Amino acid sequence: MRFFRRVDEHAWSRSRLSPYIDGDLSRRERLRVQLHAEHCPECSRGIRALRALLRLTESMRALEPEHAPASIFDRVRADANSTARDGARSPEG
Amino acid sequence: MRPSLAVGGTAAMHEGTLVSRAQAGDVTAFEQLASAHTDRVYAVVLRLVGDRGEAEDVVQEALLRAWRAIGQFQRRATFATWLHRIAVNEANRALGRRAQAGSSVPIDDEGLRLSAPPHQGPARTAERGELRRSLELAIAELALPYRTALVLRDIEGLSTREAAAIAGVGEAAFKSRLHEARTKVRAAIGDAALLAAPG
């Protein structure tokens, strides 16, 4: 019985590690994850691994910024020009 | 601090004027309005489609759609959120066409490999570079809704609210996708590699 309770607690905590590091859990839920992780090497490692993953994704932002190519508005300009031409040609003016 | 898409004060007033002029058919005003966001939109789309040529095609098409639909823009969201949402939808369509043709997200030297900041030493840079490469591959393997969530929130650093609006879902659904995406990426990279990463 105790074994099943421990398994349930582990599954419950493991599925909440990402909301836990985002601070998206209620105070009670946060405490429950914390207490479990203190005695669970897998969840404790999971929290550290997710934090490392967030540091890694954040580090992607520090890379050289991307610049859209100069031609990015070509289709918009062509569309605006053709609309203007059609307008000029129409008998209504 | 997360970089927001929102503009405030004078910039917001200026944006309002440009929207009105663009809605009256002024293409120069539209370009001015959109050009403040095209680098960021391009970066997001590049992360989603993984190929520079295709990213340019997607963003050009998204800008064309935005230009043609600017009359219907009702300012319930910011222009930046609206434009990002059109671009993400367009990326979705492009990836759908690619899936029908039976090809996957390309990640190659001409794709997403970006320059490291110059202040890191060679060994550290190589280690980081390898890990980033693993991250890019893991992201490319995600289904688009999960990839979109991770790119907008964790890489681009948008707030959950902004990112959910761009993805076109509620915040609860967005968070669920984000947590699932992180779980999958963590499994693909492996805890050992993540925990050995230089801080």
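One line per residue, one yes/no per condition, for (1) away from chain A (no Cβ under 11 Å); (2) within 20 Å of residue B:182 (Cα to Cα); (3) in contact with a Cys (Cβ under 9 Å, 6 or more places away or on another chain); (4) modelled with pLDDT under 90:
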{"site": "B:108", "(1), (2), (3), (4)": "yes, no, no, yes"}
{"site": "B:120", "(1), (2), (3), (4)": "no, no, no, yes"}
{"site": "B:138", "(1), (2), (3), (4)": "no, yes, no, no"}
{"site": "B:145", "(1), (2), (3), (4)": "yes, yes, no, no"}
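Residues considered: A:44, A:71, A:82. Of these, the only one that is surrounded by 13 or more Cβ atoms within 10 Å (Cβ to Cβ) and outside any loop (DSSP other than H, G, I, E, B) is A:44.
Residues that are facing chain A (nearest Cβ under 9 Å) and hydroxyl-bearing (Ser, Thr, Tyr): which helices (runs of 4 or more DSSP H) entirely in region B:23-102 hold 1 or more of them? Break it down into steps so the answer makes sense when it comes.
Numbers: elements: B:27-35, B:38-49, B:52-69, B:79-101.
Result: B:27-35, B:38-49.
Could you tell me which of the residues B:85, B:65, B:75 is surrounded by fewer than 22 Cβ atoms within 10 Å (Cβ to Cβ), at pLDDT below 95 and of a type in the set (D, E, K, R)? Criteria check complete, one pass: B:75.
Output the residue which, of all residues in region B:156-180 that are assigned to a helix (DSSP H, G or I) and within 9 Å of another protein chain (Cβ to nearest Cβ), is farthest from residue B:76 (Cα to Cα).
Among those residues, the one meeting the criterion is B:180.
A single entry from A:17, A:53 fulfils the requirement of being modelled with pLDDT of 95 or more, touching a helix residue (DSSP H, G or I) at 6+ places or on another chain (Cβ under 9 Å) and closer than 30 Å to residue B:59 by Cβ: A:53.
Residue-level analysis places residue A:8 among those that are loosely packed, with under 15 Cβ neighbours inside 10 Å and either away from every other protein chain (no Cβ under 11 Å) or of a type in the set (A, V, I, L, M) (or both).
The values are calculated or read from the model by the stated rules, or taken from the named source; none is laboratory data. Model, not experiment: these values are computed from the prediction. Ideal geometry is used to build each Cβ from the backbone, glycine not excepted, and the neighbour counts take in all protein chains shown.
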